[in-house]
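Visitor: Submitted below is the structure of interest, expressed as structure tokens.
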Amino acid sequence: MTENSALDILKNAILLEKRGKAFYRTAAKQSSNSDVAAFFQTMADEEVRHVEILSKQFKIFKASGKFSAPDTSKTGSVSEQVLTPDVKSRIAAADFEAAAISAAMLMEERTILLYSKRGEESTDPEEKKLYLWLADWETEHLEFLAAIDQEIKEQIWNDNRFWPS
């Protein structure tokens, strides 16, 4: 891979993460419930960690032409800790938050696609490790969001009696 394409991928990845951070922070600020706001803020904080990791990789690669993947033994995700059943039900009850979950899922899917593709294409073991690890981390985010989305759907179906008799 040429240096420019590796740097371009890193720049695009950083941009995606910064957009995610901005999105989640906006959702946190606009949420009317403090627990729901805390969930979105936690998601924003995780995007900040991704920006830090990718920015460090950018500097390392620009200086050396090589990747140096971070410790990938854990993601440090705290989303599970703030995503309680009560928070899920409050998200389901609020139109803005429910719409934000749907939009966030699309954003996470796009990021996973970028990271997975780059991880699969890379011949550099450290780069491969970095992107596949990030794809897994983003997949955790998507799984949390998908679980909330499913609960929202079921609540709407129950409220509107959409279930078959």
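Each reported figure results from applying straightforward, stated rules to the coordinates on display, with no laboratory input. Computed from a predicted model, the values in this text were never measured in an experiment. Here the Cβ positions follow ideal geometry from the backbone for every residue, glycine too, while neighbour counts run over all protein chains shown.
Visitor: What is the sum of charges, Lys and Arg at +1 and Asp and Glu at -1, for the other residues whose Cβ falls under 13 Å from the Cβ of Thr111?
Guide: With Lys, Arg at +1 and Asp, Glu at -1, the net is -2.
Visitor: Additional query: Please list the non-local residues whose amide H lies under 5 Å from the amide H of Asn33, H modeled 1.01 Å from N, same-chain partners needing a gap of 5 or more.
Guide: Amide H to amide H, under 5 Å and 5 or more residues apart or across chains, Asn33 pairs with nothing.
Visitor: What FRET efficiency would be calculated for the residue pair Gln155, Asp8, taking the C-beta separation as r and a Förster radius of 35 Å, to the nearest 0.05?
Guide: Plugging the Cβ-Cβ distance into 1/(1 + (r/R0)^6) gives 0.25.
Visitor: Could you run the Karplus curve 6.51 cos²θ - 1.76 cosθ + 1.60 with θ = phi - 60° over the range 44-50 and give me ³J(HN,Hα) per residue in whole Hz, x for Gly and Pro?
Guide: Along the range 44-50, the couplings run 4, 4, 5, 5, 4, 4, 5 Hz.
Visitor: Just to check I understand the Karplus step: with θ = phi - 60° and J = 6.51 cos²θ - 1.76 cosθ + 1.60, what whole-Hz values come out for the range 101-118, glycine and proline as x?
Guide: Once θ is set to phi - 60°, the couplings for the range 101-118 become 4, 4, 5, 5, 4, 5, 5, 5, 4, 5, 5, 4, 4, 4, 5, 5, 4, 5 Hz.
Visitor: Test of understanding: what is the full-extension gain from Asp95 to Val48, defined as 0.36 nm times their sequence separation minus their Cα-Cα distance?
Guide: 14.3 nm
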